[in-house]
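Visitor: Please read through the structure below; I'll follow up with questions.
Just so it is clear, none of the values below were taken in a lab; they were calculated from the coordinates. Not measured: the values here are computed from a predicted model. Methodologically, a virtual Cβ is constructed for each residue, glycine included, from the backbone with ideal geometry; neighbour enumeration extends over all protein chains shown.
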């Protein structure tokens, strides 16, 4: 997305693309933090499950917008990477929005009938199966756009966060695939890495979009 000296830079990108990229990066970061807080409170008995699910639905949408903004701000010679990343993000969003909407509707209304879709940490629920593949796609989407980033310090930090997240997310997915256990240590570690690395990366992306908007303004 940029040259080696600055940040996300593409003279053919419009100012709205940088602005939308900035706000979608901010929103993605905020929604991840809301999700993290809701999960932490829920683990201590607070009734925050619906908040976590709602934040996750909005997160899927904001992440697609963020990836679309990256694609719009990427030079033509590198757009194959941003295009693939955007495609993976769309699949992730379509898959998990459906999963979360089920939690807000049929599962909430009749949890006993739809026990096989619940968010409970059990081996016989489809929820975690969809979650692991969905977040693997999200991590791969972010990993694939790395060639579009420049080599400034801030974008190298973004690269590091996205690489760490992708590696542990894939390991978590493999751990779940082999064990069928959503509480497998590799799954829990991958969730922890995502909760820290991903919001750091998206917050830094917001800084990159804002700086580049000023440079190209």
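Visitor: I need the Debye-formula profile for segment 114-217: one equal scatterer per C-alpha, no solvent, reported as log10 I(q)/I(0) at q = 0.14, 0.20, 0.22 1/Å, two decimals.
Guide: Values returned for q = 0.14, 0.20, 0.22 Å⁻¹ are -0.59, -0.93, -1.05.
Visitor: For the chain, take the longest principal axis of its alpha carbons; what is the angle in degrees between that and the long axis of helix 15-43, to the nearest 10 within 0 to 90?
Guide: On a 0 to 90 degree scale, this one is about 30.
Visitor: Pop the C-beta distance of residue 214 and residue 87 into the FRET formula with R0 = 35 Å and round what comes out to the nearest 0.05. Write out the running numbers ahead of the final one.
Guide: Values: r = 30 Å, r/R0 = 0.86.
So the FRET efficiency works out to roughly 0.70.
Visitor: Moving on. Listing 80, 91 from the residue with the fewest other Cβ atoms within 10 Å to the one with the most, what is the order?
Guide: Values: 80 13, 91 16.
The fewest-first ordering by Cβ neighbours comes to 80, 91.
Visitor: With an 8 Å cut-off on Cα pairs and a minimum separation of 6 or more residues, tell me the relative contact order of segment 15-215 in percent.
Guide: Working: 278 pairs, mean separation 52.2, N = 201.
Computed value for segment 15-215: 26 percent relative contact order.
Visitor: Continuing with this model, one more query. Once both axes come from the Cα atoms, what is the angle between helix 126-144 and the longest principal axis of the chain, in degrees from 0 to 90, rounded to 10?
Guide: It is inclined by approximately 10 degrees.
Visitor: Mind pulling the angle between the C-alpha long axis of helix 79-102 and the longest principal axis of the chain? Nearest 10 degrees, somewhere in 0 to 90.
Guide: 30 degrees
Visitor: Further question on the same structure: Separation between the residue 14 and residue 156 pseudo-spin-labels, each 7 Å from Cα along Cα→Cβ, expressed in nm?
Guide: 3.5 nm
Visitor: For segment 15-215, just list the percent of Cα-Cα distances falling in each 5 Å bin from zero outward, please.
Guide: Reading upward from the zero bin: 1, 8, 15, 20, 21, 14, 10, 6, 3, 1, 0, 0.
Visitor: For the chain, set up a GNM with springs between Cα atoms under 10 Å and report which of 193, 53, 106 has the largest fluctuation.
Guide: Comparing 193, 53, 106 in a Gaussian network model of the chain, the most mobile one is 106.
Visitor: Between residue 76 and residue 109, what FRET efficiency comes out of the Förster formula 1/(1 + (r/R0)^6) with R0 = 35 Å and r the beta carbon distance, rounded to 0.05?
Guide: 0.10
Visitor: Here is a follow-up. Compare 14, 24, 82 in a GNM of the chain, Cα atoms joined below 10 Å, and give the one with the largest fluctuation.
Guide: 14
Visitor: With the chain treated as a Gaussian network of Cα nodes joined by springs under 10 Å, which of 22, 115, 198 yields the largest mean-square fluctuation?
Guide: Judging by the Gaussian network model, the answer is 115.
Visitor: Moving on. At 0.36 nm per residue, and after removing the present C-alpha to C-alpha distance, how many nm does the segment from residue 174 to residue 40 gain when stretched out fully? Please report the intermediate quantities before stating the final value.
Guide: Details: separation 134, 0.36 × 134 = 48.24 nm, distance 2.46 nm.
Roughly 45.8 nm would be gained on extension.
Visitor: For the pair residue 101 and residue 123, how long in nm is the line joining their label points, each one 7 Å along Cα→Cβ?
Guide: 3.2 nm
Visitor: Over segment 85-171, what per residue volume does the convex hull of the Cα atoms give, in whole Å³? Write out the running numbers ahead of the final one.
Guide: Values: hull volume 7.9 nm³, N = 87.
Hull volume over Cα atoms, normalised by residue count, gives 91 Å³.
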